[in-house]
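Read through the structure below, which is laid out as structure tokens, and then see the notes.
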Amino acid sequence: MACGQVRVVIPMKPLAASKRRLAGTVDPRRRALLSLWMLERVASAAQDCLAVGEVAVVGGDTAVAALCRELGTRWEPDPAWDLNSALDAALRRSRARGWAQMLFLPGDLPGLATAEVADLVDASGGQRLVLAPAARGGTNAILVPLRQSTVDSRQSTVPSPACNLQPSTSSLGVPRWRFQLGPDSFRRHCAQATSLALEWRTFRGAGLEADVDIPEDVARLEQAEPDLWRVAARMERFLAARPALVRGACRI
């Protein structure tokens, strides 16, 4: 893949609505700080990948938009649909703007490394759909090719150790691809790729599998990052810039 041909899209919720499954163990202020800190980690990992030409965050709120400005990432408002519809719209925009591929990444992968992003992109060969499973059956990355090109599956019969190649003789560009995120989404995405007769790969990576959704995930993260809450507190300035947001959304 040539440098700068991939557009990364990271969907975000407003901080008041983020990580509600942690509500019983993590207070609203810390959930907001955690969400911003994880977004910074994911966006930075993607930006440092040479194959990535743009990182766009879709949705969130003024604090999310302020963080994006500081990081130099593009921020786009959520069209106020559900997550999958918003990503479908982002896919159409990416194709219309001439990007070769669009990579969906969630904003809650604090262990994601730039090398993983690069390896995932390499696994596509510039032409294949790539799906990365989450630990609990979800999908934590989807790389969708946006340009039509004919692929002979016989040229790609030996996958790399991280990948499981699913051969096909179809033309790619995936014009009919639809996001189906939610519980058990990896199975649905695999079934969709098969039904569309696409050539696709499964890509596994430690940072890609380890999203943060439930209290056990936070406990694991606290072990891996002993200074987690001190470091996440750096995000306080984005909340402090919008006192109304902090008081209303985070009940400070």
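Odds and ends about this structure:
- Conditions (1) in contact with a strand residue (DSSP E or B) (Cβ under 6 Å, 6 or more places away or on another chain); (2) over 23 Å from L208 (Cβ atoms); (3) among the polar types (S, T, N, Q): number failed by T25: (1)
- Flag if L109 is touching a strand residue (DSSP E or B) at 6+ places or on another chain (Cβ under 9 Å) and not hydroxyl-bearing (S, T, Y): yes
- Of all residues in the stretch 74-104, those that are part of a loop (DSSP other than H, G, I, E, B), in contact (Cβ under 8 Å) with a residue 40 or more places away in the chain and not aliphatic (A, V, I, L, M) total 3.
- Within the stretch 49-75, the set of residues being touching a Lys or Arg at 6+ places or on another chain (Cβ under 8 Å) and under 21 Å from G4 (Cα atoms) comprises V52, G53, E54, V55, A56, V57, C68, W75.
- Residue match in the stretch 12-31 (condition: in a strand (DSSP E or B) and under 18 Å from the mean Cα position of the chain (by Cα)): yes
- Residue identified as under 20 Å from G205 (Cα atoms) and at pLDDT 90 or above among L165, L146, L131: L131
- Restricted to the stretch 191-243, and to residues there that are without any contact (Cβ under 8 Å) to a residue 60 or more places away in the chain and acidic (D, E), the residue that is surrounded by the most Cβ atoms within 10 Å (Cβ to Cβ) is D217.
- Candidate set: the stretch 76-96, residues that are touching a helix residue (DSSP H, G or I) at 6+ places or on another chain (Cβ under 8 Å) and of a type outside the set (D, E); chosen: the one modelled with the highest pLDDT: P79
- Test: residue in the stretch 33-55 that is surrounded by 17 or more Cβ atoms within 10 Å (Cβ to Cβ) and in contact with a Pro (Cβ under 6 Å, 6 or more places away or on another chain): yes
The values are calculated or read from the model by the stated rules, or taken from the named source; none is laboratory data. Predicted model only: the values in this text are computed from it and were never measured. All Cβ positions, glycine included, derive from the backbone under ideal geometry; neighbour counts span all protein chains shown.
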